[in-house]
Amino acid sequence: MKEYLKEKAHQLPLTPGVYLMKDATDTIIYVGKAKKLKNRVSSYFINSNQHSRKTMRLVKQIIDFDVLHTDTELDALLLECQLIQQYRPRYNRQMNAYEQYSYVSVAVNERQLEIKLLNIPTKENCFGPYSIRRKLNRLKIILDSIYDLVPTNYWHQTFQKESAIPTELFQQELFDFFHNQGREPIKRIAQQMQEAAEKQAFEKAAKLKEDWLFLTRFANQNQRISQANQRDWQLMWLPCQKKIKYYLIYQGLVVATRVVTKQTFQKYSSLELAKKIMPKKPPKTIEHYSKQQVDFLNILYGYISRHPECHLENLTIEKA
């Protein structure tokens, strides 16, 4: 049987696409994407010590596979996510449990600033969703520590002293941080790190440096969501074999695509190209991304940031 699969994989083209691995019950047990289908799928059926235990268990159960061809590698990434959410294959871990994604709420409760992790977003002062639930717990601990938000004992909780800095300022700093408009929490922890080093508290300084790196990485990742949510329409294009494929994007999500010749693409302005594939019914404005949507957003902007051949342009389209 594996020889049959090996030969079937060998017949695949060196083009992008998605592959769906099936077991003896015809159940899809794994969905993957490939820039070159032939090379990627064939790699499963070659004896190799480089396979992980998980991959080896997967290969033993594969009885057949299907492939779906796409125009570009980006299309394959987006389709892979869609199919994982649809079929929930047991060997896919990423993008397979979006229900567990969380939101972050920043609010003042009885003059006390409070950061909460929520499964359902509130209408105001809520950010996300984020696909990193475990990391969000660490994020909350770090921010609570920076702003001294968690009382350390009963005395502190009962007779809380007035802070020299107003709560409203802390709240605004956190709003700006999650909106990608400021990095005051990172600056504050850098200052704490410097003070610890000056006092020769090197273990504390090392711990603060780890927290500083964590916050910096989170801010960079959060930038995708915040920037996408602040944009309305965008046009992105990239080479597609000897043609051009362009994508119409609304608030970070692809709403339409088209492949055209280079001559056609150069003939029209970005706005004219966008109007050619504009949906008849305009998409609804997104206040909060759903847990299902956020993976597509991260895939799109992550791909654009890693591939210089992608060109992104903001559009001004008047509402009808």
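Ranking Ile28, Ala256, Phe218 by Cα position along the charge dipole of the chain, where only Lys, Arg, Asp and Glu carry charges on their C-beta atoms, puts Ile28 farthest toward the positive end. Listed peptides 88-96, 76-84, 25-33 appear in the order 76-84, 25-33, 88-96 once ranked by packing, highest mean of other Cβ atoms within 10 Å at the front. The residue list Leu37, Asn47, Leu78 was ranked by how far each Cα lies along the charge dipole of the stretch 2-96 toward its positive end, using unit charges on Cβ atoms, and Asn47 comes out on top. Give the separation of the Cα centroids, the stretch 171-195 to the stretch 19-65, in Å. Here the two parts' Cα centres lie 45 Å apart.
Note down the magnitude of the dipole of the chain about its Cα centre, charges +1 on Lys and Arg C-beta and -1 on Asp and Glu C-beta and zero elsewhere, to the nearest 20 debye. Walk me through the numbers before you get to the answer.
Numbers: 49 positive and 33 negative charges, 269 e Å.
Dipole about the Cα centre, nearest 20: 1280 debye.
The charge dipole of the stretch 231-315, taken about its Cα centre with unit charges on the Cβ atoms of Lys, Arg (+1), Asp and Glu (-1) only, comes to about 420 debye.
Taking the Cα centre of the stretch 2-96 as origin, sum charge times position over the Cβ atoms of Lys and Arg (+1) and Asp and Glu (-1), and report the length of that vector in debye to the nearest 20. Don't skip to the answer; put the middle values down first.
Numbers: 16 positive and 10 negative charges, 104 e Å.
That gives the stretch 2-96 a dipole magnitude of about 500 debye.
Note on the chain: with a GNM built from Cα contacts shorter than 10 Å, the maximum mean-square fluctuation among Pro129, Pro239, Pro282 falls on Pro282. Eigenvalues of the alpha-carbon gyration tensor of the chain, scaled by 5 and square-rooted, set the equivalent ellipsoid semi-axes at 43, 28, 18 angstrom, largest first. Residue separation of Thr122 and Ser290 scaled by 0.36 nm, minus their Cα-Cα distance, works out to 59.2 nm of gained length. Between the listed residues Asn125, Tyr91, Tyr103, the Cα displaced farthest toward the positive end of the dipole of the stretch 80-143, a dipole computed from Cβ unit charges relative to the Cα centre, is found at Tyr91.
Extension gain, Gln263 to His51: 0.36 nm times the residue separation minus the Cα-Cα distance gives 71.8 nm.
Given the pairs Lys8/Lys38; Lys33/Lys135; Lys209/Lys291; Lys140/Lys199; Lys243/Lys280; Lys22/Lys60, which span a C-alpha to C-alpha distance of over 21 angstrom in this model?
Numbers: Lys8/Lys38 9 Å; Lys33/Lys135 26 Å; Lys209/Lys291 31 Å; Lys140/Lys199 26 Å; Lys243/Lys280 26 Å; Lys22/Lys60 11 Å.
Pairs exceeding 21 Å: Lys33/Lys135; Lys209/Lys291; Lys140/Lys199; Lys243/Lys280.
Read-outs throughout are calculated quantities, based only on the coordinates presented, and are distinct from any laboratory measurement. If you're wondering where the values come from, they're calculated on a predicted model, not measured in any experiment. Please note: Cβ atoms are built from the backbone with ideal geometry, for glycine as well, and neighbour counts cover all protein chains shown.
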